[in-house]
Structures are given as structure tokens and as C-alpha cells.
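The values are calculated or read from the model by the stated rules, or taken from the named source; none is laboratory data. Bear in mind that the values here come from a model prediction, so they are computed numbers and not experimental data. Cβ: placed from backbone, ideal geometry, glycine included. Neighbour counts: every protein chain shown. Areas reflect the complete protein model, heavy atoms only, side chains present, ligands, DNA and RNA absent. Shrake-Rupley method; radii C 1.70, N 1.55, O 1.52, S 1.80 Å.
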Amino acid sequence: MPVGSGGLRIGTSGWNYPSGKGTWNGVFYPPSRGRAKTFDELSFYAEHFNTVEVNSTFYGQPRPEIAKAWAERTPADFEFSVKLYQKFTHPKMYTRQFTKGAAGAGADPLVDALVKPNASDLDDFKRGIDPLASTGKLGALLAQFPPSFKGGGPSLEYLQWLLRAFSGYVVAVELRHKSWSDDLAATLSLLKTHGAAFVQIDEPKFRLSIAQNQLPNIPTCYYMRLHGRNAAQWWKHDKPEDRYNYLYSATEIGEFVETIGAARAIVKKAYVYTNNHFSAKSVANAAMIKKQLGEPVEGEYSAEFIARYPDAGAAPTPLHAREWRMRPTE
């Protein structure tokens, strides 16, 4: 049976967080020590949600054999939204990685040419996600741009190129600099021309943050991402995971539920992802969204999870009093 209903897709950004203070092991998943090697995190996750946002493809091009395995380990109605490789959206970050941080490398014309996305990069990405597309399990492609990506001029031209390059796919564009909302009409016109969704984001707001109204911009796709509101650790933190150490309250989740409910009624597909992944808080908030929307909160949850996040609406089952059920890896 589908987890959720119709064109509404609710899930988390990523499913594998095995290390750090904010690990999911021992909270959403069994503790790493003593659990069977055959435990399949993705299959277990897919018993709770009908979609997931893949972040690993930001750090490396997707590989078809990995995507094929994802498709095989999830139900027929499950969908993966896939973040674009950083070379497409974060040129400075990619350049640092490509040159291993060598001083002055960014000013080298040869390096500049090598780090620009090309036809081969596009082919590699499309080939990597084809096992998802060919099985009907590909959701949207997420083009997440950094806060430094400002509207107008070369940025506008590049975004037009990128959307043309991925025509034929559902693309959701996450823009974070206020220049894009300062000229909202032009931004929406560009996205509408290419049938791209304007990602609605919730995160701490700063002077140069984009302004958004959380409403759909096209009738085919709605895309929302909740990053948390941990303003104190957004820019300054000991570990990157600290930025996402935030749990939305039931009242705060209610701020989004009315909009999500309205959006699902007027768009073909609505994707909602929680990215506040520290200690599986994203799982709790995704379950809370389902609960407040009247969707079933399905799947097994540990006693530890239920104790931490009582507002998630997860019901205890007899399995919580016993050992975790192990699943064979497909």
C-alpha cells in the first residue's frame, strides 16, 4: 500500500546519517552495534515515507548501478528527488575541490574552462539517474544554488541554460539571495517558461535572504524544503550537522500544513522534504506533517523515537518491546 496518498509526497532530505552526535542510529534505526548486517536502511525508511531527497549526488555524479539498487529496494510507488551535482550549481565549491584548494587556481583560464559544466557532465548525470527515470521512480531534480548566486546578468543566463539542459525532467530551483525575490516577476516568468518549480524554503532569515510566499508557481509541481530555524548555529558551528539541530514544534508545523493542503489540491505533484536531520528530527517533523494533514503515520518506530518525539503521532507496536526486525538486503 502507498505511504501517503495521491500526488502528495512527504519525506526527508537523505536517509543515511550513521555518524556524529546527530546520528539516526539508535533513534530511527537500530543502534549500529549489534544490529544485523542485513538491515536495510532504505527499505525500512520506505515503509514510513513515499519519497526521499537524495543529497549524495551533490558531492559526486550519480552512478547507474547505485540508482538501480535504490529502485530495487523500494516499493513501486516510491520516488526519489535528486539534487544536482555541485558542478552545476556551486562552481566555487567545485573549483576548490577540483584544484584541492590551490591558491590562485580560480584565476587560471584552463581551470576555469575545466570546471564549467559541459555536455559530458550532463550525459553522466542523466545516465546515472536513468534507472530511476526508467522505472517511474524519479521525482524532481533539485537545483540548489548558494546564497551567493545573485539574480540578473550572467546568473540569469546560466539558469536559463541549465533549465534548457534538463528539459524533459521536472526541475525544482532553490534560490536563496534576495535579488531573486526583489525582481520576483522576472524570476517567476523564467521558471514558468521552463516549467520549473520555485522551491519554497524555510530557514533562518538574514539581511540578504530571499523572501517567499510558500505558494505554487506552476500547476505541475510544488516543492517545499524545511531546513530548520537554528539561526545561532547557521553560519557558526563546530560541525556541519549542528546547523540542522532544530525541531519544529507542532504549532510551527501547522504554519505549513494549510499551505501544503492547498497546494496539493491544485498541483499534479507536491513534494515536501524536511532537512533538519540532526537526531532524526526531520523524520519526526515529516511524520508530524503527515499527522496534521490527516495522512496515516505508517511504519514501525522505536520506543526511543516515540519518547523523544511524542508529537510525531507514531503509535507503539509490539515490535518496540522486542528486538528490531531485521530485513534482508535485496
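Within the stretch 255-275, which residues are part of a helix (DSSP H, G or I) and either open to solvent by less than 30 Å² (accessible area, probe 1.4 Å) or of a type in the set (Val, Ile, Thr) (or both)?
We begin by selecting, within the stretch 255-275, every residue part of a helix (DSSP H, G or I); these are 255-266.
Those that are part of a helix (DSSP H, G or I) and either open to solvent by less than 30 Å² (accessible area, probe 1.4 Å) or of a type in the set (Val, Ile, Thr) (or both): Phe256, Val257, Thr259, Ile260, Gly261, Ala263, Ile266.
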The lone exception for Val283 - which of (1) of a type outside the set (S, T, N, Q); (2) outside any helix (DSSP H, G or I); (3) open to solvent by less than 10 Å² (accessible area, probe 1.4 Å) it fails = (2)
What is the number of the single condition among (1) assigned to a helix (DSSP H, G or I); (2) under 21 Å from Pro219 (Cβ atoms) that Arg127 does not meet?
-> (2)
Residue set Phe49, Phe80; condition within 27 Å of Ala262 (Cα to Cα), touching a Leu at 6+ places or on another chain (Cβ under 6 Å), touching a residue at least 40 places away in the same chain (Cβ under 8 Å) and crowded, with 16+ Cβ neighbours inside 10 Å; output residue Phe80
Which numbered condition Arg229 fails, given (1) in a helix (DSSP H, G or I); (2) touching a strand residue (DSSP E or B) at 6+ places or on another chain (Cβ under 8 Å); (3) under 10 Å from Asn276 (Cβ atoms) | (1)
Give just the number: which of (1) of a type in the set (A, V, I, L, M, F, W, C); (2) under 18 Å from Gly7 (Cα atoms); (3) open to solvent by 10 Å² or more (accessible area, probe 1.4 Å) does Phe278 not satisfy?
-> (2)
Of (1) over 14 Å from Leu191 (Cα atoms); (2) of a type outside the set (S, T, N, Q); (3) open to solvent by less than 70 Å² (accessible area, probe 1.4 Å); (4) at pLDDT 95 or above, Ala165 fails just (1)
Can we say Arg63 is surrounded by 15 or more Cβ atoms within 10 Å (Cβ to Cβ), touching a helix residue (DSSP H, G or I) at 6+ places or on another chain (Cβ under 6 Å) and at pLDDT 90 or above?
-> yes
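Of everything in the stretch 182-216, what is open to solvent by 30 Å² or more (accessible area, probe 1.4 Å) and closer than 18 Å to Arg164 by Cβ? Give them in sequence order. Before you say what the answer is, go through the steps one by one.
Restricting attention to the stretch 182-216, the residues satisfying the condition of being open to solvent by 30 Å² or more (accessible area, probe 1.4 Å) are 182-186, 188-189, 192-195, 205-208, 211-216.
Of everything in the stretch 182-216, those that are open to solvent by 30 Å² or more (accessible area, probe 1.4 Å) and closer than 18 Å to Arg164 by Cβ turn out to be Ala186, Leu188, Ser189, Lys192, Thr193, His194, Gly195.
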Would it be correct to say that Glu241 is of a type outside the set (Gly, Ala, Ser), open to solvent by less than 60 Å² (accessible area, probe 1.4 Å) and within 17 Å of the chain's Cα centre (by Cα)?
-> yes
Being closer than 30 Å to Trp235 by Cα and outside any loop (DSSP other than H, G, I, E, B) is the filter here, so list the residues in the stretch 115-124 that pass it.
-> Val115
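Being farther than 18 Å from Glu258 by Cα, surrounded by fewer than 18 Cβ atoms within 10 Å (Cβ to Cβ) and in contact with a helix residue (DSSP H, G or I) (Cβ under 9 Å, 6 or more places away or on another chain) is the filter here; which residues of the stretch 219-231 pass it? Walk me through how you get there before you give the answer.
Going through the stretch 219-231, the residues farther than 18 Å from Glu258 by Cα turn out to be 220, 227-231.
With the extra rule that they be surrounded by fewer than 18 Cβ atoms within 10 Å (Cβ to Cβ), the set shrinks to 220, 229, 231.
Correct list: Arg229 only.
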Quick check: is even one residue across the stretch 143-153 crowded, with 16+ Cβ neighbours inside 10 Å, at pLDDT below 95 and of a type in the set (Lys, Arg)?
-> yes
Which residue pairs have Cβ atoms under 7 Å apart, sit 6 or more places apart or on different chains, and have a first residue in the stretch 248-259 that is small (Gly, Ala, Ser) and a second that is open to solvent by less than 40 Å² (accessible area, probe 1.4 Å)?
-> Ala250/Met288
Would you pick out the residues in the stretch 133-158 that are over 21 Å from Leu184 (Cβ atoms) and more than 16 Å from the chain's Cα centre (by Cα)?
-> Ala133, Ser134, Thr135, Gly136
